[in-house]
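The structure under discussion appears below in the form of structure tokens.
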Amino acid sequence: MPARIVFWSPTNPSLFFCEPKFDGLAVELIYEHGMLTGALTRGDGTEGEDVLTNVRTIRAVPLTLNKPAENSLARAIPPLLEVRAEIFDVQS
């Protein structure tokens, strides 16, 4: 969770909050029958870029989706699932 910085002045009782913004790569992940089959960027707004090869190397992005357990309240995985995500790299 990012640190929150608070500014306050006795002459101006308004509070201002400032939080760091992470700017990354907006992508759409496409899963067909639970398998990652596509990863696209917004591109220029008309045509996106295929980044599937690069996205497959990100450990936090599942390559396959697990089916819900029998006793789970979750529904079955749909045949086509499109997920919008933001990818960013945190370097220490």
Do you know which residues across segment 19-56 are modelled with pLDDT of 95 or more and of a type in the set (G, A, S)? G38, A39
Give me the residue from segment 57-70 that is under 13 Å from E32 (Cα atoms) and of a type in the set (A, V, I, L, M, F, W, C) and, out of that set, modelled with the lowest pLDDT. L65
Would you confirm whether any residue within segment 33-46 is surrounded by 13 or more Cβ atoms within 10 Å (Cβ to Cβ) and either charged (D, E, K, R) or in contact with a Cys (Cβ under 7 Å, 6 or more places away or on another chain) (or both)? yes
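The values are calculated or read from the model by the stated rules, or taken from the named source; none is laboratory data. Since the structure is predicted, the reported quantities are computational estimates derived from the model, not experimental observations. Every residue, glycine as well, gets a Cβ built from its backbone with ideal geometry; the counts of neighbours run over all protein chains shown.
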